[in-house]
Amino acid sequence: MDFEYSEKVLALKARVEAFMSEHIYPNEAAMIAETAEGDRWQAPRLLETLKTRARAAGLWNLWLPASGHGAGLTNLEYAPLCEVMGRSPFAPEAFNCSAPDTGNMEVLERYGTAAQQERWLKPLLDGEIRSAFAMTEPDVASSDATNIATRIRREGDEYVITGRKWWISGAPDPRCRIMIVMGKTDPDDPDRHRQQSMVLVPLPHPGVVIKRSLPVFGFDDAPHGHAEIMFDSVRVPIDNVLLGEGRGFEIAQGRLGPGRIHHCMRLIGLAERALERMCRRAQTRVAFGRAVAEQTVTMERIADSRIMINQARLLTLHAADMMDRHGNKAARAAIAMIKVAAPNMACRVIDWAIQAFGGAGVTEDYGLAQAYATARYLRLADGPDEVHRNQIARLELRRYQGPESLTGGSAAVVPADPGEAIRGAPVWVA
């Protein structure tokens with residue numbers, strides 16, 4: 001495995017970093033203030049300006065693989081760029097590389113019809129609208145996605161959707177114009193992984209009721225936000241189904257792998273910025289006659305942070321390389337590992353940064369409190385730690401099944417279960 005970045009990637013990384021330094025970091029405070037002072041559920045006008053500048057600079061849809069719509073980067077090539085974007089909560093959208101739009105665009109590009117792509121994929125690629133992905137439900141343990149109970153019933157040439165969803169990221173945003181909804185079209189199918197389908201629901205739409213916005217540790221993440229939604233006999237044409245009835249898990253398997261790795265890439269950038277702030281703060285504060293940076297406990301935390309960040313980065317690059325060379329399914333163990341490792345690493349590093357800042361760390365002044373909230377909820381989003389650990393353990397145990405494994409011989413590898421990669425799907429898909 002060679003994780004040296006190519007000249008193409010290094011050049012793109014330098015351009016992204018330059019854009020961040022010139023346009024993103026200097027305008028963060030202004031965008032926060034604009035959101036706080038006006039209608040919190042309207043996108044900052046300054047952010048729309050930055051999107052225009054990023055697109056003009058050719059830094060647009062960088063996440064897309066070789067499809068003609070983006071930069072044609074592999075997952076491994078995109079990783080360092082995504083990490084840089086993760087340093088700011090505003091950067092991913094500025095480059096049109098934010099969740100859940102990236103996952104939804106990939107679904108539409110991979111599984112959508114020509115008509116669906118024209119109506120929804122094109123404006124998403126152009127950054128004209130936003131989207132949402134409705135999977136998680138409050139009334140069942142959604143970590144096992146076969147529990148999802150929202151009903152999608154066919155009546156003539158329409159589907160009728162009835163149910164309740166929550167933690168639907170992006171739904172409160174007034175620019176959200178399309179939602180992918182997962183529910184049961186055939187609850188009696190003996191194959192529980194064929195009961196579910198995904199359909200497209202335009203927004204706003206009769207019967208789609210946003211009950212409330214759900215804050216995360218007090219942060220409402222406006223104007224993006226996370227919603228609880230009621231589907232009250234929502235009717236959409238049968239042409240709005242994705243790929244076909246009973247194909248919901250298949251689509252989810254294709255969608256969640258890239259989304260999970262993008263979250264991890266961004267978390268590494270978030271942790272890097274927290275470490276940077278911790279180091280700068282510790283060098284400028286004096287306690288008990290010495291700079292905080294000279295206190296042994298602080299030095300240990302800085303050293304451990306560097307070790308943990310580098311470990312998470314290498315594991316993430318390995319997962320990206322596996323996805324590129326062998327596909328998402330073959331890389332499912334590597335993806336599961338980073339989905340556990342990266343959020344836990346970020347939680348620890350950001351927590352230490354907060355401690356170095358003292359009381360200032362828990363205010364909104366330095367962005368650390370919101371950064372911690374982001375890292376903590378990502379231990380639930382796209383599958384909780386427990387689900388991913390179970391999957392890792394099952395795949396590991398399979399290596400030692402068979403008589404040879406009991407006598408010290410080579411492990412007998414059992415063929416993978418087609419449903420393994422998606423079993424125990426996400427608690428919260430962001």
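Rounded to the nearest Å, what's the spacing between the alpha carbon centres of the stretch 25-46 and the stretch 331-366? Just the number, please.
25 Å
For R285 and L314, what does the FRET efficiency come to when R0 = 25 Å and r is the distance between their Cβ atoms, rounded to the nearest 0.05?
According to the calculation, E is roughly 0.20.
Between T52 and V209, 0.36 nm times their residue separation minus their Cα-Cα distance comes to what?
Gain in length upon complete extension: 53.3 nm.
Quick one: putting +1 on the C-beta of Lys and Arg, -1 on the C-beta of Asp and Glu, what dipole do you get for the stretch 178-286 around its Cα centre, in Debye to the nearest 20?
Using Cβ point charges on Lys, Arg, Asp and Glu, the stretch 178-286 gives about 820 debye.
If you count the DSSP beta bridges with both ends in the chain, what percent of them are antiparallel, to the nearest 5?
So the antiparallel bridges in the chain amount to around 80 percent.
Measuring from label point to label point, each 7 Å out along Cα→Cβ, what is the R40 to N147 span in nm?
If labels sit at R40 and N147, their model points lie 2.9 nm apart.
Starting from one equal scatterer on each C-alpha and no solvent at all, send me the Debye-based log10 I(q)/I(0) for the stretch 7-98 at q = 0.14, 0.22 Å⁻¹, two decimals.
After summing over all Cα pairs, the log10 values are -0.49, -1.06.
Give me the orientation-averaged projected area of the Cα convex hull of the stretch 130-246, in nm², one decimal.
Spelled out: convex hull of the Cα atoms, projected over all directions, averaged, 7.2 nm².
If you average 1/r across every pair of different Cα atoms in the chain and take the reciprocal, what Kirkwood value do you get, in Å?
Result for the chain, one decimal place: 22.5 Å.
How large is the charge dipole for the chain, taken about the Cα centre, if only the Cβ atoms of Lys, Arg (+1) and Asp, Glu (-1) carry charge, to the nearest 20 debye?
480 debye
At a 10 Å Cβ-Cβ cut-off, how would you order D304, D157, fewest neighbours first?
Listed from fewest to most nearby Cβ atoms, that is D157, D304.
For the stretch 250-406, place one equal point scatterer on every Cα, skip the solvent, and apply the Debye formula. What is log10 of I(q)/I(0) at q = 0.14, 0.16 Å⁻¹?
These q points yield log10 I(q)/I(0) values of -0.73, -0.87.
Take the Cβ-Cβ distance between Q401 and A33 as r, set R0 to 41 Å, and report the resulting FRET efficiency rounded to the nearest 0.05.
Efficiency, rounded to the nearest 0.05: 0.10.
Hey, fewest Cβ within 10 Å first, where do E250, E83 land in order?
With the fewest neighbours first, E250, E83 line up as E250, E83.
If I model a spin label as a point 7 Å beyond the Cα along the Cα-Cβ vector, how far apart are those points for R325 and E4 in nm?
Distance between label points: 1.6 nm.
Which distance in nm do the two modelled labels at E17 and D220 give, with both placed 7 Å along the Cα-to-Cβ direction?
For the pair E17/D220, the computed spacing is 3.8 nm.
How high is the FRET efficiency from A114 to M230, r the C-beta distance, R0 22 Å, rounded to 0.05?
0.10
Mind checking which of L10, P100, P258 is farthest towards the positive end of the chain's charge dipole, using Cβ charges of +1 (Lys, Arg) and -1 (Asp, Glu) about the Cα centre?
L10
For Cα pairs less than 8 Å apart in space and 6+ apart in sequence, what is the mean separation divided by the residue count of the stretch 7-98, i.e. the relative contact order in percent?
This gives 32 percent for the stretch 7-98.
If each residue's Cβ is checked for other Cβ atoms within 10 Å, how do T363, T162 rank with the fewest at the top?
T363, T162
Counting helices only, and only those DSSP H runs with n ≥ 4, report the 222 nm mean residue ellipticity of the chain as the sum of -39,500 (n - 2.57) divided by its residues, in deg cm²/dmol to the nearest 500.
Dividing the helical sum by the residues of the chain leaves -14000 deg cm²/dmol.
Once you charge only the Cβ atoms, +1 for Lys and Arg and -1 for Asp and Glu, what is the size of the charge dipole of the stretch 130-246 about its Cα centre, to the nearest 20 debye?
Around 280 debye, computed over the stretch 130-246.
Name the residue from M322, I302, S233 whose Cα lies farthest towards the positive end of the charge dipole of the chain, charges +1 on Cβ of Lys and Arg and -1 on Cβ of Asp and Glu.
Toward the positive end, the furthest listed residue is I302.
When only Cα pairs under 8 Å and 6 or more residues apart are kept, what is the percent relative contact order across the chain?
16 percent
Values quoted throughout were computed directly from the atomic coordinates according to the rules given, and no laboratory measurement underlies them. The shown structure was predicted, so the numbers you read here are calculated from the model rather than taken from an experiment. No Cβ is skipped: glycine too gets one built from the backbone with ideal geometry, and neighbour counts run over all protein chains shown.
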